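Worksheet: one structure, shown below.
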Amino acid sequence: MTATAPGAAPRRTLKIAMNGVTGRMGYRQHLVRSILALREQGGLPLGDAAGTVLWPEPILIGRNEAKLRAIAERHGLTEYTTDLDAVLADPSVEIYFDALLTNVREPSLKKAIAAGKHIYTEKPTATTFEGALELARLAKEAGVKNGAVQDKIFLPGLLKLKRLIDGGFFGRILSVRGEFGYWVFEGDWQEAQRPSWNYRAEDGGGIVVDMFPHWEYVLHNLFGRVTSVQALAATHVPQRWDEEGKPYPATADDSAYGIFELEGGAVAQINSSWSVRVNRDELVEFQVDGTEGSAVAGLRNCRVQHRSATPKPVWNPDLPATYAFREQWQEVPDNGEFDNGFKAQWELFLKHVVLDTPYDWDLLAGARGVQLAELGLKSHAEGRRFAVPEVSL
């Protein structure tokens, strides 16, 4: 427990080694919008009688010392290093967080587990299902708490969708249709919004590897376990330009079209693409249809149409439509405040580490996502559907 000023709430300091904070996700979503946001609000209340707050103390880790120094100075932080081994050898460091490139993540996680650190990591947790499952086994054997980022289920739109499911709004759920994506510029005449490694298979890139782990936990947490997958992947844009303006061949898939059977009988169809122009209200939307009602949920919003208010369209291509279908849906109210999804999951994991509160989104859950991506790529390569076995240690 850290000493505090007289009259102030007692503070429990928690040192977190944050590896990969010079990257887009590690910096923006995890450092700035999660850990530093917690500090800005005065720490995370732990709910005890003394009013203790948990105070996260990040140690920035990366390969480029100058970039680390610049980030530290920008945010008033003092600890940063390029020496991961030294940080892992420090007994005062309790958590290791990883936002590295996927193809270098596994060795770092193994080092951190061996050092007895609690683990929190971006997804995919490994490049292969076998590797992801091994990480889960190692963490269990070491007795360290562990978590994998599953931010989408903490988004306002999907929290509203979960509320509808829990309230029985849909009746029997029949199907889920998902549309995700946007146009990522090739990098020649406009700068690309994503790093070039995303489009090189040899560097761990590809939309199947990136997005199928997301779809696994979204489907699993909301609708039921994925029992089969059939996927078609494509590289629609074969050449792109890197951060130095040099052209390179895109060797990884930039679009994927997946069909997933779910436990309980529902069918999910999700399109993922970095080569599609958006004609949606949000960058990702899920339409859920059930016997009693339907909903369309995005990142923040959710609209519903109940059975009793469903119109009766009649197919007649010879006449123009006299009504706007979108106007026949009702907005689901917030009924509460929604925090940033990344920060919300960080809070749950930190409480899990300190208070041993329940936590379901562990490395085993992360391994399910890697399994689905691996089977999706296998389905694409062999042109057939594959069963998705249950994952266990």
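Within the stretch 266-314, being outside any strand (DSSP E or B) and of a type in the set (D, E) holds for D281, E282, E292. Taking the stretch 157-167 as the search range and keeping residues that are farther than 19 Å from R307 by Cα and aliphatic (A, V, I, L, M), which one is surrounded by the most Cβ atoms within 10 Å (Cβ to Cβ)? That would be L158.
For the stretch 71-84, indicate whether the set of residues that are without any contact (Cβ under 8 Å) to a residue 24 or more places away in the chain, among the basic types (K, R) and surrounded by fewer than 24 Cβ atoms within 10 Å (Cβ to Cβ) is non-empty. Lay out the reasoning, then the answer.
Taking the stretch 71-84 first, the residues without any contact (Cβ under 8 Å) to a residue 24 or more places away in the chain are 72-74, 76-83.
Restricting the remaining residues to those that are among the basic types (K, R) gives 74.
Keeping just the survivors that are surrounded by fewer than 24 Cβ atoms within 10 Å (Cβ to Cβ) gives 74.
Within the stretch 71-84, one or more residues are without any contact (Cβ under 8 Å) to a residue 24 or more places away in the chain, among the basic types (K, R) and surrounded by fewer than 24 Cβ atoms within 10 Å (Cβ to Cβ).
Just wondering, is there one or more residues in the stretch 88-104 that are part of a helix (DSSP H, G or I), aliphatic (A, V, I, L, M), modelled with pLDDT under 95 and not assigned by TED's automatic domain parsing to the domain that holds Y199? For the stretch 88-104, residues part of a helix (DSSP H, G or I), aliphatic (A, V, I, L, M), modelled with pLDDT under 95 and not assigned by TED's automatic domain parsing to the domain that holds Y199: present. Out of E337, E347, one residue alone is over 30 Å from P313 (Cβ atoms) and part of a loop (DSSP other than H, G, I, E, B). It is E337.
Out of the stretch 134-156, which residues are closer than 19 Å to R105 by Cα and surrounded by fewer than 22 Cβ atoms within 10 Å (Cβ to Cβ)?
Selection gives E134, R137, L138, K140, A142, V144, K145.
Residue check: is G224 touching a residue at least 24 places away in the same chain (Cβ under 8 Å) and farther than 23 Å from G366 by Cβ? No, not satisfied.
When D356 is tested against the conditions (1) in the same structural domain as S175 (by TED's automatic domain parsing); (2) surrounded by fewer than 10 Cβ atoms within 10 Å (Cβ to Cβ); (3) of a type in the set (D, E, K, R), the lone failure is (1).
Selection of first residues in the stretch 241-259 that are farther than 23 Å from A231 by Cα and modelled with pLDDT of 95 or more and of second residues that are surrounded by 15 or more Cβ atoms within 10 Å (Cβ to Cβ) and β-branched (V, I, T), restricted to Cβ pairs under 8 Å at least 6 apart or on distinct chains, gives an empty result. Only residues that are surrounded by 12 or more Cβ atoms within 10 Å (Cβ to Cβ) and either among the charged types (D, E, K, R) or at pLDDT below 95 (or both) were counted across the stretch 23-45, and they come to 6. Among the strands (runs of 3 or more DSSP E) confined to the stretch 168-264, the ones with at least 1 residues that are in contact with a helix residue (DSSP H, G or I) (Cβ under 6 Å, 6 or more places away or on another chain) and buried (at least 20 other Cβ atoms within 10 Å of the Cβ) are located at 226-234, 239-241, 255-262.
Note on the stretch 112-129: residues that are out of contact with any helix residue (DSSP H, G or I) (no Cβ under 6 Å at 6 or more places or on another chain), over 24 Å from H214 (Cβ atoms) and surrounded by fewer than 24 Cβ atoms within 10 Å (Cβ to Cβ) amount to 2.
From the set of residues in the stretch 255-282 that are of a type outside the set (G, A, S) and out of contact with any strand residue (DSSP E or B) (no Cβ under 7 Å at 6 or more places or on another chain), which is nearest to A233 (Cα to Cα)? Before the answer, list the steps.
Initially, the stretch 255-282 is screened for residues of a type outside the set (G, A, S), giving 257, 259-263, 267, 269-271, 274, 276-282.
Then keep just the ones that are out of contact with any strand residue (DSSP E or B) (no Cβ under 7 Å at 6 or more places or on another chain); that gives 278-279, 281-282.
On the way: V278: 19, N279: 21, D281: 25, E282: 23 Å.
Selected residue: V278.
Scanning the stretch 126-167 for residues that are assigned to a loop (DSSP other than H, G, I, E, B) and either of a type in the set (D, E, K, R) or in contact with a Ser or Thr (Cβ under 8 Å, 6 or more places away or on another chain) (or both) gives A126, T127, K145, V149. Of all the residues in the stretch 202-233, those that are among the aromatic types (F, W, Y) and more than 14 Å from the chain's Cα centre (by Cα) number 1.
The values are calculated or read from the model by the stated rules, or taken from the named source; none is laboratory data. On a predicted model such as this, the values are computed, not experimentally measured, just so you know. Positions of Cβ are generated from backbone atoms using ideal geometry, with glycine treated the same way; all protein chains shown enter the neighbour counts.
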